[in-house]
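Laboratory data are not the source of any read-out in this text; all were calculated from the coordinates shown. The model shown is predicted, which means the values in this text are computed figures rather than measured ones. Every residue, glycine as well, gets a Cβ built from its backbone with ideal geometry; the counts of neighbours run over all protein chains shown.
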Amino acid sequence: MNTVHRLRPLRYRTIFISDTHLGFRGARADFLLDFLRATDCETLYLVGDIFDIWEMERRGIHWPREHNLVVKTIFEKAANGTRVIYVPGNHDEAMREYDGTVIDNLHVHRQALHETADGRRFLVLHGDEFDAVVQCSKLVALMGSRIYDWLLRANYWINLIRRRLGFPYWSLAAHVKHKVKNAVSYISNFEEAVAYEARRQGVDGLVCGHIHHAEMRTINGVLYCNDGDWVESCTALVEDFDGRLELLRWTDAEQTVHALEPAAEVGEQAA
Ligand SMILES: [Mn+2]
């Protein structure tokens, strides 16, 4: 790995990463470790699927040195003053039992609310809570918000029952990959479901992960941000000290801007 030794880390107000899938053979812990070492922030959000507990349950423990170093680096950041907010996903669902736990600078939350430097409010959640909504997107389109509400609540129970019956969690991310033909509509259905929820909660935007598809765009007046993943795309969402958001791609030990925040829509005012 060709780590670039920088004189000073790149400083951000906030960094959001998700879907690092530590414990899974496909995780790009090398690029992630380089990214974490090269950057510094006041608040670090871990937006779910940080650990791949399922994969380890299925295939046994896979815990190479680099995966361990990622965890160590995150703890070191917390010890040095970075506030770390961990929002578990579906692959590290067991951690959801620690909702509300605070250990020094480490907070575990089922979902979080982030306020940017320019005062905008963003809901932060992993995104698997929308799987049932997306899977039944035709029904949602047909029957509207009542079925949407019902599916949002049912998602938890559907998967609890599936697990009891020995079925794996129904994963949208995996589903998207296997249905390449329909991937585009699945991704856009997911993005719309998430944006709908953000709008309903009266926030300015939302940060999520889960579908391994980094994106930042305005949907119906709310800013949808997906911080991507560290299995394929190696992307992170960062906020600078003025509250400006940017998506970074971090491979080959160099960052490139993946997407800039879209300009505010004319006539759209922050709620
Ligand atoms: Mn997920």
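Below are the figures for this structure:
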| quantity | calculated |
| --- | --- |
| Length gained when the stretch Thr101-Leu165 is fully extended (0.36 nm per residue, less Cα-Cα span) | 20.0 nm |
| Equivalent ellipsoid semi-axes, the range 30-154, via Cα gyration tensor eigenvalues times 5, rooted, Å | 30, 20, 13 |
| The chain: calculated mean residue ellipticity at 222 nm from DSSP helix runs of at least 4, using -39500 (n - 2.57) | -10500 deg cm²/dmol |
| Mean separation of Cα contacts under 8 Å (6+ apart) over length of the chain, as relative contact order % | 21 |
| Backbone HN-Hα couplings from phi across the range 16-31 [Karplus 6.51/-1.76/1.60, Hz, Gly and Pro as x] | 10, 9, 8, 6, 7, 6, 4, x, 9, 4, x, 5, 8, 5, 5, 5 |
| Descending principal axes extents, the range 11-260, alpha-carbon based, whole Å | 50, 45, 36 |
| Karplus (6.51, -1.76, 1.60) ³J(HN,Hα), θ = phi - 60°, over the range 188-205, in Hz, Gly and Pro reported as x | 5, 5, 5, 4, 5, 4, 5, 5, 4, 4, 4, 5, 4, 7, x, 9, 7, x |
| Vicinal HN-Hα couplings computed from phi for the range 116-129 (Karplus, 6.51 cos²θ - 1.76 cosθ + 1.60; Hz; Gly/Pro x) | 6, 4, 9, x, 8, 10, 10, 7, 10, 8, 5, x, 5, 4 |
| Span per principal axis, largest first, for the Cα atoms of the range 1-74 (Å) | 41, 26, 17 |
| Charged-residue dipole, Cβ positions (Lys, Arg, Asp, Glu), the chain about Cα centre, Debye nearest 20 | 680 |
